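Notes to accompany the following structure.
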Amino acid sequence: MLANTVALVTGAGSGIGRAVALAYGREGAKVVVSDLNEASGKETMSLLQEAGVDGCFVRADVSEPDDCQRLTDAALSQYGQLNIACNNAGIARSSSPTAQTDLDCWRQVIDVNLSGVFYCLRAQIPAMLRHGSGSIVNIASILGSVGQAGVAPYVASKHGVVGLTQAASLDYAAQGIRVNAVGPGFIETPLIAHRLQDEPTRRDLISRHPIGRLGQAEEVAELVVWLSSPKASFVTGSYYPIDGGYLSR
Ligand code: NAI
């Protein structure tokens, strides 16, 4: 589905990002794997190599605009083009009511989850315009369309990702670049692993998903691959929940 394309994934050292990188590779893309964490990013790269996928690893902190530019430049210098990007890197921080939110926590979460996506778009879009086409998938969350108590920075950052996706899609729809967002429900990854260790919390999280279980990173990757591919050629500016029914309650 993605033969002859070059695809970039941020936060690809773990969870959803790793699953997306592997799925892109399986579908024939060359994969630029990026993460802040060099060891885990290189681990993803090894998995791709074992599967016979052409790719490279670039360490980048998405909260640094220069890193995001350097990442896109690396894709261009290695492969001469950038066709697909999945802006996935994100963090979650422990809960507190809005008025008690620590300022550093607010800034960190907004810097990585929202500004990070903006910095990536700012670098990726000009590279895609050179070819007259491209597809970008930003990883938001179910908390990009509803709230949750105790996590105001995260909820605000993910609503921001959805709005940013819509704005960017309008700016470039006529120039062949599609920009979409995905909103996962709770997915079993290292991001929420600490919460799943507590059995009552695990049961509570599962109960919010009518389908009766949490999601898997590979399930999210399937949707990302489809949105990234020419099969979704008429889809832009959309927000796709993938949440086991969470938002339908
Ligand atoms: P994860 O914690 O397993 O992986 C996140 C990756 O991002 C890690 O490899 C980490 O090193 C990297 N990262 C963190 N800060 C970074 C930075 N400043 N620059 C570059 N890389 C950085 O998390 P998971 O679950 O795979 O999450 C991926 C995305 O999915 C995030 O945006 C998250 O908010 C979103 N998401 C996750 C859900 C879940 O339940 N796991 C639910 C909804 C959305």
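When a/c reaches 1.5 or more, the comparison of a/b and b/c decides; with that in mind, is region 2-77 rounded, prolate or oblate per its Cα gyration tensor? Since a/c reaches 1.5 but b/c is at least a/b, the shape of region 2-77 is classed as oblate. Per the Kirkwood formula applied to alpha carbons, the chain shows a radius of gyration over Rh ratio, Rg over Rh, of 0.95. Across the chain, C-alpha contacts under 8 Å between residues 6 or more apart give a mean separation that, scaled by the residue count, equals a relative contact order of 19 percent.
The residues packed around Ala19, meaning those with a beta-carbon under 10 Å from its beta-carbon, carry a net charge of -2 if Lys and Arg are +1 and Asp and Glu are -1.
The Cβ shell under 11 Å around Gly80 holds other residues with a net charge of +2, Lys and Arg each +1, Asp and Glu each -1. Geometric descriptor of region 1-145, per residue, is 113 Å³ (volume of the convex hull of the Cα atoms). Farthest towards the positive end of the charge dipole of the chain, among the residues Cys86, Gln100, Val53, is the Cα of Cys86, using unit charges on the Cβ of Lys, Arg, Asp and Glu. When the helices of the chain are scored as -39500 (n - 2.57) per DSSP H run of n ≥ 4 and the total is divided over every residue, the value at 222 nm lands at -13500 deg cm²/dmol.
Based on Cα contacts under 8 Å between residues 6+ apart, region 171-217 shows a relative contact order of 41 percent. In debye to the nearest 20, how big a dipole does the chain give about its Cα centre with +1 on each Lys and Arg Cβ and -1 on each Asp and Glu Cβ? I would put it at about 520 debye. Round to a whole angstrom and tell me the spacing of the C-alpha centers of region 75-144 and region 1-51. Each part's Cα centre sits 16 Å from the other's. Within the P(r) computed for region 143-232, what percentage of the Cα pairs occupies the region above 17 Å? Pairs farther apart than 17 Å: 62 percent.
Read-outs: derived from the displayed coordinates by stated rules, not from any lab. All of these numbers come straight from a predicted model, not from anything done at the bench. Virtual Cβ from ideal backbone geometry, glycine too; neighbours counted across all protein chains shown.
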